[in-house]
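Please read the structure below before turning to the comments.
The values are calculated or read from the model by the stated rules, or taken from the named source; none is laboratory data. Computed from a predicted structure; not experimentally measured. Note that each Cβ is placed from the backbone with ideal geometry, even for glycine, and that neighbours are counted across all protein chains shown.
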Amino acid sequence: MPDDIYMALDTGTTAKYLEIFRQVFVKLGQKNHYNMMMGNTHVAISAVVQ
C-alpha cells in the first residue's frame, strides 16, 4: 500500500534537514552532544578519565 506522501531526497534537501536537526541541539544547549554523536569532535581519553 503506497504512502500518501512523496518525497525525493536530493543533496540539497538532505543537507537542509541535517542542518535543522543540528539546530535543535544547538537551541537546546546540547551542541557538544550533537558533535560527539555525529563524530564531529574528538575528546581525548585523558580529558575524560582523571
Return the residues of the range 20-49 that are loosely packed, with under 10 Cβ neighbours inside 10 Å and modelled with pLDDT under 90; say none if nothing qualifies. 39, 42, 44, 45, 46, 47, 48, 49
Answer from 17, 6 - the residue that is modelled with pLDDT under 80 and either within 15 Å of the chain's Cα centre (by Cα) or outside any helix (DSSP H, G or I) (or both): 6
